[in-house]
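The values are calculated or read from the model by the stated rules, or taken from the named source; none is laboratory data. Quick caveat, the model's predicted, so the values are computed rather than measured. Reconstructed Cβ throughout: ideal geometry from the backbone, glycine too, with neighbour counts over all protein chains shown. The area values use the complete protein model at the heavy-atom level, side chains included, leaving out ligands, DNA and RNA. Shrake-Rupley method; radii C 1.70, N 1.55, O 1.52, S 1.80 Å.
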Amino acid sequence: MEFESYMHLALEEARAAADRDEVPVGAVLISPDREILARDGNRTRELSDPTAHAEMLVIRAGTTRLGSERLKGCDLYVTLEPCAMCAAAISAARIARLYYGASDPKSGGVAHGARVFSHPQAHHAPEVYDGIGAEASKKLLRGMFRDKR
């Protein structure tokens with residue numbers, strides 16, 4: 001199967017999150033047969049919920065849609081390196097592949113910080129591909145923080 005990136009859709013969700021005055025992070029969940037199961041952006045402020053990260057929202061929507069707590073064979077595209085909470089959910093959901101854009105040295109949980117997938121207690125470690133759409137993701141994040149100052 002030829003690789004097709006869905007990062008452009010995650011970036012659309014990140015832009016929509018920025019328009020809602022959220023941290024501009026977007027995510028898209030893709031089924032094994034390449035169907036878009038869910039897409040969303042951060043909604044922590046809107047929902048007054050610290051767990052309403054883009055990744056958590058699409059995982060919840062995907063498991064509901066499939067009627068299973070497992071997302072075997074699914075791919076997750078996210079514009080920013082997932083935090084430890086989101087990485088743990090990705091592991092628990094058994095997502096097959098994680099594609100992310102910008103690295104997050106401060107709060108990341110994949111290549112930085114907790115490194116959840118390399119921890120011996122991780123339920124599952126997906127294949128990880130980083131740097132997909134990284135520049136566009138960084139630009140959105142920098143713009144939001146610049147505008148807040």
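For the chain, the per residue solvent-accessible surface stands at 51 Å², with DNA, RNA and ligands left out and a 1.4 Å probe. Would you kindly calculate the translational diffusion coefficient of the chain, applying Stokes-Einstein with the Kirkwood radius from alpha carbon pairs, for 37 °C and a viscosity of 0.692 mPa s, and quote it in µm² s⁻¹ without decimals? The estimated diffusion coefficient comes to 220 µm²/s.
Among the GluC sites (Glu not before Pro) in region 30-105, those located in a DSSP loop and surrounded by at most 12 other Cβ atoms within 10 Å of their own Cβ are GLU35, GLU69. Net charge dipole, the chain: roughly 380 debye, given to the nearest 20, about the Cα centre with Cβ charges of +1 for Lys and Arg and -1 for Asp and Glu. Its Cα gyration tensor gives region 59-121 an equivalent ellipsoid; the semi-axes, largest first and in whole Å, are 21, 13, 9. With all protein chains in place and a 1.4 Å probe, the accessible surface of the chain carries 51 percent carbon and sulfur. Summarising the amide proton neighbourhood of GLY113: residues at separation of 5 or more, or on other chains, whose placed amide H is nearer than 5 Å comprise an empty set. From the convex hull of the Cα coordinates of region 1-42, what is the mean projected area in square nanometres? Convex hull of Cα atoms, orientation-averaged projection: 2.8 nm².
For LEU71, the residues whose modelled amide H falls within less than 5 Å of its own, excluding neighbours fewer than 5 places apart on the same chain, are ARG94, ILE95.
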